[in-house]
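Peer 1: I'd like to ask some things about the structure below.
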């Protein structure tokens, strides 16, 4: 067996075995019980690079993708135009093949990137501190719930029903493990806003905090001022779509204690939902309760500025069973991608991307408002996506749109796995949707039989 | 030394830009007519204003401050810093993979589902397990999913007395931290003089309050747990499930399978064993494998193949499922790379990778055994741990040796872990390093040990050839500055 990834030639192997003082590889595996050894694992023989590449391409080509199709799919994962610079820089081996910056003297590249990332997240959310990433929006919400319960030393937590249902499922998983009771905050079925008044009736002396979306899962921009008012003594966590924060007031302005969410929008490809980027931000006073890596500014022996991992005694490799979380690997490389993207877009560009998404989404909404068999379901203000009720099941819409090279909308019946969301779907629009595609989509919808 | 160490924010000049957007005539809406004015941001968003070239130079220069597998030897124990083939990155960059949405109709993502299915099948074979989920995002996250599965299994059987998890004193910190997040008490069990789990000690802790035992095999000392079959038998007798931390699987692919050792649940670290890049700390992937009896508890959805039609589907109909541990279906971008690696290596290649990893570790251990104290006799697996306390006689520590290594252009081994070896130096060369590389490394260690005798100050003040010198980590934690704040004019 020879592989281009393994350097050993036969005479080197013999020399090495001889130096070690054993006869064969078998001798090196002497501690492994013979009766349980594997003869061979039943996977195909190795293939040359050209063959792997071709076989992978064949699989890739059997996916209808958002480069070839106009997409109106959103609900937590969005397609945006990603400038060439992003992958060109992020794929540099010095970033891609480095590990956690345990040796800061040879990791200043990574560390400074994360410090810049933390700063950008703080700018967007208005908070004081951010960590260097979590896995995704869902685990960010779950970790925020755990953190709220730790800080308040309470074991109940309220989540708005208009949080992404998959995020709620993950929170339920984490809550069960820690014996936290989750309560569900209902919503106004007219406006699609979380019902703040209901909040005041749900609080008891075990309630640590509450979580709301911004915008929420139905795309509606929540009235955070009202929610803060009704839950005034609670730990308030906002799950914000961070692109919207380029035009919306930062949640800090409404007294949020924590802002978390999913930052895939910032330069990360959809990847079937796999290239996610959880972020978490809070106030200085809670920094010691935060999970995950945090990078801080320092200086070296010569007084030069440098960056290091700080407050590591919160983390599992030091504190073990007393750590704030078990998280070790995070989504560092996706944080790099976001940092490069945000640097390119900058102060004006990100705002423009958010404005274009808002305008184009409202442009589509206006067209849908004029249709007979499609109507917008909720009246609350929205950012770049909205719920539509149609006279047909969403599958029928897909059947009509797919041959026209259009993907979407997202079926709520599918996402919730519940027939009570029959005929409801979410249309999502970003700056990357061309106006002519929106016109074409609207025309197709009108013509559906 | 770096000349320009400004942050990207400090390079900002008002009016500069690094983006453009298509020219199109958007409807002439006033933003205030779309979203109530009181909701709209009033303050500026202080992101940088820089050109594309500024961004390119800034991040290119930053990248060059990093040590990486692509630039040099990286024998970081427990982390498997093997070469990450470039092919894996190129195939992961296919549009048909990166531009697909998780809520597209399943018939439009059949290629992606097939890929995930093939990855699951291969991982089952490698590990000897019956089912695999690709959902967990990282090793620790896989541990979390795995322990929750175990919890669900016990509870489903009405067995509610199991409140503890046994973890060896040599375990990764994630093991006890994960047990805590699942609401378990952690019971630590000691290692014996040989560096493996003390059989009598662990046996005495096994009773009907124990839900699971978490083991790494080979363990964090790089030693194979020879008593594993007996431990498994004893555990199962008491109704305890056995969890395999897959961090060290690079030693045993094609040689022995955790499923055959008696483990009930395991996680893989695709970013270690299966060569996907570590990306400065992530994303990884912590795919979890289980024996058949745990299938009902797996997270949803499970990716399956319809035997009649040859098409692939997502199965949500698992009423006893633990639910979800993350959104969507796992780190698909990482899974693509891992499958590309498996396809390239094949059955024999994976076995060869493990064998050469073990050969390299034993060879390097042999080269160093006269210079460094190796606390445990016999062969090692893919890594070994040295005891650096002999340095103390010269007034230096393992930390100083590690810092001095930086001056030679290699990344130091993992230090001060595992906790049971004083001044631990944990070395994992991996199979992708050549004999010469190992010999050079051994020579460096020897030189540094000579320097420790003759010029200990040199070690204590090292590194000097890195972009920055030793940093004040204690001070940085006392009063943390974790974001840039623009200077007031």
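Since every read-out is calculated from the coordinates, none of them should be taken as a lab result. Predicted, not measured: the structure shown is a model, and the values here were computed from it. Neighbour counts run over all protein chains shown; Cβ positions are idealised from the backbone, glycine included.
Peer 1: May I ask you to give the average projected area over all directions of the convex hull of the Cα atoms of chain B, in nm² rounded to one decimal? Provide the component values of the computation, followed by the final result.
Peer 2: Values: hull surface 119.6 nm².
Over all viewing directions, chain B projects a mean Cα-hull area of 29.9 nm².
Peer 1: Also: Out of every Cα pair in region A:208-273, what percent are spaced more than 16 Å from each other? Could the numbers behind the result be given before it?
Peer 2: On the way: 959 of 2145 pairs.
Roughly 45 percent, rounded to a whole number.
Peer 1: Next up: Inside 10 Å of the C-beta atoms of B:315-321, what's the mean count of C-beta atoms belonging to other chains?
Peer 2: Numbers: counts 0, 2, 1, 0, 0, 0, 2.
Mean partner shielding for this stretch: 1.
Peer 1: On the first, second and third principal axes, largest extent first, how far apart are the outermost C-alpha atoms of chain A in Å?
Peer 2: 82, 54, 50
Peer 1: Using every pair of alpha-carbon atoms in region B:8-63, split the distances into 5 Å bins beginning at 0 and state the percent of pairs per bin, rounded to integers.
Peer 2: 4, 14, 17, 15, 16, 16, 10, 6, 3
Peer 1: Other chains' Cβ within 10 Å of B:13-19 residues: what's the mean? Don't skip to the answer; put the middle values down first.
Peer 2: Working: counts 0, 2, 2, 3, 7, 9, 13.
For this peptide, the per-residue mean of nearby foreign Cβ atoms is 5.
Peer 1: Using only the Cα atoms of the protein assembly as shown, what semi-axes does the equivalent ellipsoid have when each is the square root of 5 times a gyration tensor eigenvalue? Give whole Å, largest first.
Peer 2: 44, 31, 27
Peer 1: Next question. Over the alpha-carbon set of region A:7-113, work out the extent along each principal axis and list the three values in angstrom, largest first.
Peer 2: Principal axes ranked by extent give 62, 43, 28 Å for the Cα atoms.
Peer 1: Ok, one more. Please give the direction-averaged projected area of the C-alpha convex hull for region B:182-236, in square nanometres with one decimal. Intermediate values should be presented prior to the final figure.
Peer 2: Values: hull surface 16.0 nm².
Averaging across all directions leaves 4.0 nm² for the Cα convex hull.
Peer 1: Order the peptides A:319-328, B:53-62 from the highest to the lowest mean number of other Cβ atoms within 10 Å of their residues.
Peer 2: Values: A:319-328: 22.5, B:53-62: 19.2.
Final packing ranking: A:319-328, B:53-62.
Peer 1: Taking the mean number of other Cβ atoms within 10 Å as a proxy for protection, how do you rank B:21-28, B:191-198 from highest to lowest? Each step should come with its number before you reach the end.
Peer 2: Details: B:21-28: 9.5, B:191-198: 18.8.
Ranking the peptides B:21-28, B:191-198 by packing returns B:191-198, B:21-28.
Peer 1: Angle, helix A:49-61 long axis vs. longest principal axis of chain A, Cα atoms, 0 to 90°, nearest 10?
Peer 2: Approximately 10 degrees, to the nearest ten.
Peer 1: Shifting gears a bit: Expressed as a fraction of 2.2 N^0.38 Å, the rule-of-thumb size for a compact globular protein of N residues, what is the C-alpha radius of gyration of region A:85-340? Can you show the working numbers first?
Peer 2: Working: Rg = 18.1 Å, N = 256, 2.2 N^0.38 = 18.1 Å.
So the Cα radius of gyration is 1.00 times the expected 2.2 N^0.38 Å.
Peer 1: By its C-alpha gyration tensor, with a ≥ b ≥ c as the square roots of the eigenvalues, how is region A:56-158 shaped: rounded for a/c under 1.5, else prolate for a/b larger than b/c, else oblate? List each step's numbers first, then the result.
Peer 2: Working: a/c = 2.14, a/b = 1.25, b/c = 1.71.
Oblate shape, in that a/c is at least 1.5 and b/c is the bigger or equal ratio.
Peer 1: For residue B:472 and residue A:229, what does the FRET efficiency come to when R0 = 41 Å and r is the distance between their Cβ atoms, rounded to the nearest 0.05?
Peer 2: Details: r = 44 Å, r/R0 = 1.07.
That gives a FRET efficiency of 0.40.
Peer 1: Using alpha carbons only, how many degrees (0 to 90, rounded to 10) separate the axis of helix A:435-447 from the longest principal axis of chain A?
Peer 2: 60 degrees
Peer 1: Rank-order A:4-13, A:339-348, A:185-194 by packing density, defined as the average count of other C-beta atoms within 10 Å over each peptide's residues, highest first.
Peer 2: Result, highest mean Cβ count within 10 Å first: A:339-348, A:185-194, A:4-13.
Peer 1: Along Cα→Cβ, 7 Å out, is where each label goes; now give me the distance between the ones at residue A:37 and residue B:60 in nm to one decimal.
Peer 2: 5.2 nm
Peer 1: I would also like to ask the following. Per 0.36 nm of contour for each residue apart, how much would the distance between residue A:150 and residue A:30 grow if the chain were fully extended, relative to their Cα-Cα spacing? Can you show the working numbers first?
Peer 2: On the way: separation 120, 0.36 × 120 = 43.20 nm, distance 4.79 nm.
This chain segment gains 38.4 nm when fully extended.
Peer 1: For residue A:396 and residue A:439 in the same chain, what is the full-extension length gain: residue separation times 0.36 nm, less their Cα-Cα distance, in nm? Please report the intermediate quantities before stating the final value.
Peer 2: Details: separation 43, 0.36 × 43 = 15.48 nm, distance 1.95 nm.
Gain in length upon complete extension: 13.5 nm.
Peer 1: Using a/c under 1.5 as the rounded threshold, could you call region B:1-118 rounded, prolate or oblate? The axes a ≥ b ≥ c are square roots of the C-alpha gyration tensor eigenvalues, and prolate needs a/b larger than b/c, oblate otherwise. Show your work: numbers first, answer last.
Peer 2: Working: a/c = 2.57, a/b = 1.18, b/c = 2.18.
Here region B:1-118 falls in the oblate category.
Peer 1: Cα-Cα pairs above 15 Å in region B:84-154: how many percent? Let's see the in-between values first.
Peer 2: On the way: 1724 of 2485 pairs.
Cα-Cα pairs of region B:84-154 separated by over 15 Å account for 69 percent.
Peer 1: How many nm separate the modelled label positions at residue A:68 and residue B:454, each set 7 Å beyond the Cα in the direction of the Cβ?
Peer 2: Reported label-point gap for residue A:68 and residue B:454 is 6.6 nm.
Peer 1: For residue A:49 and residue B:314, what is the calculated FRET efficiency with R₀ set at 25 Å and r taken between the beta-carbons, to the nearest 0.05? Could the numbers behind the result be given before it?
Peer 2: Working: r = 31 Å, r/R0 = 1.24.
Rounded to the nearest 0.05, the efficiency is 0.20.
Peer 1: Over region B:87-343, what lengths in whole Å, largest first, do the semi-axes of the equivalent ellipsoid take, defined as the square roots of 5 times the eigenvalues of the alpha-carbon gyration tensor? Don't skip to the end; give the middle numbers.
Peer 2: Values: eigenvalues 201, 82, 45 Å².
They are 32, 20, 15 Å, listed largest first.
Peer 1: Same structure, new question: How big, on average over all directions, is the shadow cast by the Cα convex hull of region B:352-475, in nm²? Walk me through the intermediate numbers first.
Peer 2: On the way: hull surface 32.5 nm².
Computing the convex hull of the Cα atoms and averaging its projections yields 8.1 nm².
Peer 1: Right, here's the next one. For chain A, what relative contact order do you get, as a whole percent, if you take Cα pairs closer than 8 Å and at least 6 residues apart?
Peer 2: Details: 772 pairs, mean separation 89.1, N = 449.
Relative contact order comes out at 20 percent.
Peer 1: Moving on to the next point. Can you compute the modelled spin-label distance between residue B:25 and residue A:372, with each label point 7 Å from Cα toward Cβ, in nm?
Peer 2: Placing both labels 7 Å beyond Cα along the Cβ direction yields 3.1 nm.
Peer 1: Could I ask something else about it? For the Cα atoms of chain A, what angle does the longest principal axis make with the long axis of helix A:165-177, in degrees from 0 to 90, nearest 10?
Peer 2: On a 0 to 90 degree scale, this one is about 60.
Peer 1: How many Cβ atoms of partner chains, on average, are near each residue of A:128-137 if near means within 10 Å of its Cβ? Mind dumping the intermediate values first?
Peer 2: Values: counts 3, 4, 2, 1, 4, 3, 3, 14, 6, 2.
The mean count of partner-chain Cβ atoms within 10 Å per residue comes to 4.
Peer 1: Still on this structure, please answer the following. Could you pull out which residues in region B:178-209 have an amide N less than 11 Å from a spot 7 Å beyond the Cα of residue B:390, following the Cα-Cβ vector?
Peer 2: Counting only backbone N, you get no residues.
Peer 1: Given 4 °C and 1.567 mPa s, compute D for region B:154-221 with the Stokes-Einstein relation, Rh being the Kirkwood radius over Cα pairs; round to the nearest whole µm²/s.
Peer 2: Working: Rh = 12.5 Å.
Rounded, D is 104 µm²/s.
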